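Asker: So that we are looking at the same thing, I have put the structure below in structure tokens.
No lab work stands behind these numbers, since they all come straight from the coordinates. Predicted model only: the values in this text are computed from it and were never measured. Note that we place each Cβ from the backbone using ideal geometry, even for glycine, and neighbour counts take in every protein chain shown.
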Amino acid sequence: MSNSLRNDPAFLEALALHHDDLVRFARSLTRSRDDAQDLVAETILKALESWHTVRDTGAFRVYVFRIAHRLYMRQQLRRRLFHPWPEDYDTTSSDPLPDVMTDATLIREAMQKLPARHRECLIMVDLLGWSLAEVVEVHGGTIGGLKARLFRAREALKNAITGGHDDH
Amino acid sequence: MITDNEDLFSDLRLLPVDITLEQSLARAEAIDARRRRVRRIAIVIGILVVTGSALLTYLLNDDSTVTSVEHPPKPETVDQYHRNVLDPGPSASLPTELAVPASSSADPVLTPRPQARSMASFLAIVTADDAIRNELAIDVRSIETIRTIISPGDRVVAVDNLGKRETCINVTCAGGDMRNIVCTAPIPSPVRITLPSGGVLYDIDRLGLPQDRGPYVAVRTSGSRGDLILWYQVDKVLERILPEASKESSAQQTLHSWLQPDSTTVIEVPTGKRPWRSVTVHAPDGSALSIPVQWVDHSNGSTHVHLKMSSPATHEIRICRANGTTERFLHVVR
């Protein structure tokens with residue numbers, strides 16, 4: 001696996017295009033940098049296993065994020081079964097701007113209070129700028145259902161940030 | 001305050017990506033290497049467990065063929081063997097039937113053998129053709145090997161090894177040592193091997209089962225030094241292989257017989273209405289033997305036939321009645 005990981009230029013090229021988005025996605029989903037790095041690494045390994053089945057490199061983004069989504073859901077399930085206690089939120093970052101860091105940390109903390117599927121929708125659409133159709137490709141379901149979920153997710157996130165006292 | 005149009009994720013977007021592609025690839029390689037190592041260890045453990053359990057199973061079920069290496073067979077000629085068998089020692093001449101154990105004290109599982117047994121009719125001996133030899137898995141070579149190596153006091157024992165689904169023929173020495181001779185699929189093993197003349201080469205006891213009580217079916221087969229007769233006890237398997245002979249044999253009535261202190265075998269035969277003219281002893285192949293015979297009528301309606309014969313043998317007794325009819329029956333001396 002290691003050899004083919006480094007020796008498959010087509011895979012590396014496709015991965016490089018979406019790596020940063022994949023990291024943002026993982027960082028927003030998970031509670032620590034380590035967890036995010038593990039999720040990204042696992043996704044890469046899994047993606048390489050069935051890489052030969054991806055004929056259209058344009059579909060690589062959906063392919064990789066679908067793997068990341070499934071791995072994350074599996075981790076969540078495992079965590080619920082074996083580690084039901086809450087984990088500390090990791091605020092460490094290489095970010096040089098403290099004020100940006102604080103806001104980002106607040107949003108990440110608020111995101112952790114949302115259900116996993118709501119969190120994913122928000123990240124993909126609002127953070128990574130995916131179209132609704134692309135998100136449906138990863139998560140399944142319908143665009144109408146996704147819109148409703150997005151609406152509820154955004155409302156929940158606002159409430160989480162303001163502590164339920166949004167006076168707009 | 002948060003408005004509907006406010007972009008909540010703008011701060012997150014401003015954050016630099018703190019995990020590079022190189023770091024992700026390095027982590028993926030580390031995870032992959034760890035998984036491979038774990039998989040290799042699991043395979044090695046699996047192989048060790050399987051090998052260990054196979055070895056354990058083998059050791060638990062093994063009848064120790066190593067013993068046969070440690071105790072090499074003692075060669076003995078057939079003549080020597082017959083001289084020894086014909087002089088079985090004082091235990092064979094004890095007076096009561098069924099009460100005298102002829103077994104080695106080193107083998108308490110084996111039950112005592114009956115000293116004498118007579119069957120109410122004599123069966124024609126079945127000559128083994130290829131089909132019967134295959135069905136009964138007759139291994140003449142092993143039979144002759146055992147005949148060569150056994151000594152007086154040894155016992156030949158068939159042991160059913162249920163774990164391996166096989167039957168092994170072992171020779172248990174007088175001292176208690178056991179030598180494994182041959183193992184086959186579970187088949188009926190003969191209870192006695194004789195020459196066509198009726199002389200016993202050896203008996204085979206069945207470990208864990210009652211000693212043979214008859215009825216018997218005799219199968220004649222050729223060996224390297226002449227024919228042999230294999231005496232089988234009728235059971236379900238034999239009934240399937242030799243249905244006619246088994247059916248006929250099972251219908252026999254066992255006669256009461258015993259050994260007397262003067263080494264005479266006595267057989268109690270229902271006299272019937274017609275008087276007897278003669279009683280003769282024959283070998284299984286039909287040849288007449290010069291064994292002295294006397295018979296005494298009793299008031300209870302039976303006749304006691306006295307044979308001057310106490311050594312292990314399998315013979316045919318023929319009783320000729322005054323009207324010319326002949327009754328034949330099998331007589332077995334243990």
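Asker: Run the quick spin-label model on B:D139 and B:T264: label points 7 Å from Cα toward the beta carbon, then report their separation in nm to one decimal.
Answerer: 4.5
Asker: Normalise the Debye intensity by I(0) for the range B:222-334, one equal point scatterer per Cα, no solvent, then take log10 at q = 0.14, 0.20, 0.23, 0.24 Å⁻¹ and round to two decimals.
Answerer: Result of the Debye calculation: -0.69, -1.20, -1.38, -1.42.
Asker: How do A:Y72, B:Y232 rank when sorted from fewest to most other Cβ atoms within 10 Å of their own Cβ? Don't jump to the answer; show the numbers that get you there.
Answerer: Numbers: A:Y72 21, B:Y232 25.
The fewest-first ordering by Cβ neighbours comes to A:Y72, B:Y232.
Asker: Still on this structure, please answer the following. Can you report the principal axis dimensions of the range A:1-89 using only the alpha carbons, biggest first, rounded to whole angstrom?
Answerer: So the extents along the principal axes, rounded to whole Å, are 41, 24, 21.
Asker: Applying 1/(1 + (r/R0)^6) with R0 = 45 Å to the Cβ-Cβ distance of A:K46 and B:L162, what FRET efficiency is obtained, to the nearest 0.05?
Answerer: Values: r = 50 Å, r/R0 = 1.11.
It comes to 0.35.
Asker: Shielding by partners for A:36-49, please: the mean number of other protein chain Cβ atoms within 10 Å of each residue's Cβ. Before the final figure, lay out the partial values.
Answerer: On the way: counts 3, 7, 4, 1, 7, 11, 4, 2, 8, 6, 1, 1, 2, 0.
For peptide A:36-49, the averaged partner shielding equals 4.
Asker: Highest mean first, how do A:61-69, B:218-226, A:21-29 rank when packing is the count of other Cβ atoms within 10 Å averaged over residues?
Answerer: With the highest mean Cβ count within 10 Å placed first, the list reads A:21-29, A:61-69, B:218-226.
Asker: Right, next: For B:D130 and B:V49, FRET efficiency with R0 = 51 Å and r from the beta-carbon atoms, rounded to 0.05?
Answerer: 0.65
Asker: Rounded to whole Hz and in sequence order, give me ³J(HN,Hα) for the range A:60-69 from the Karplus expression 6.51 cos²θ - 1.76 cosθ + 1.60, θ = phi - 60°, writing x for Gly and Pro.
Answerer: So the J values, rounded to whole Hz, are 4, 4, 4, 4, 5, 6, 5, 5, 4, 4.
Asker: Could I ask something else about it? For B:25-36, what's the mean count of beta carbons from other chains sitting within 10 Å of each residue's beta carbon? Present the calculation step by step, with values, prior to reporting the outcome.
Answerer: Details: counts 9, 2, 8, 14, 8, 2, 6, 8, 2, 0, 2, 2.
For peptide B:25-36, the averaged partner shielding equals 5.
Asker: Mind giving me the FRET efficiency for A:E137 and A:A16? R0 is 25 Å, r the Cβ-Cβ distance, nearest 0.05 is fine.
Answerer: 0.70
Asker: Give, in nm to one decimal, the length gained when the segment between B:D235 and B:A26 is fully stretched (0.36 nm per residue of separation minus the Cα-Cα distance).
Answerer: My answer for the length gained is 67.9 nm.
Asker: Please list, in chain and number order, the residues 5+ apart from B:L289 or on another chain whose amide H is under 5 Å from its amide H, with Hs placed from the backbone.
Answerer: Here the answer is B:V281, B:H282, B:A283, since their amide H atoms fall under 5 Å of that of B:L289.
Asker: Report, as an integer, the average count of C-beta atoms from other chains found within 10 Å of each Cβ along A:17-30.
Answerer: What the average comes to for A:17-30 is 3.
Asker: Could you please rank A:K113, B:K236, placing first whichever residue has the fewest other Cβ atoms within 10 Å of its Cβ?
Answerer: B:K236, A:K113
Asker: Between rounded, prolate and oblate, where does the range B:17-61 land on the alpha carbon gyration tensor, with a ≥ b ≥ c its root eigenvalues, rounded for a/c under 1.5, else prolate if a/b exceeds b/c? The partial results should precede the final answer.
Answerer: Working: a/c = 11.66, a/b = 8.26, b/c = 1.41.
Cα axes put the range B:17-61 in the prolate bin.
Asker: For a label point 7 angstrom out from the Cα of B:L56 toward its Cβ, which stretches of the range B:122-166 have the backbone nitrogen within less than 20 Å?
Answerer: Residues B:162-165 qualify, since their backbone N sits under 20 Å from the label point.
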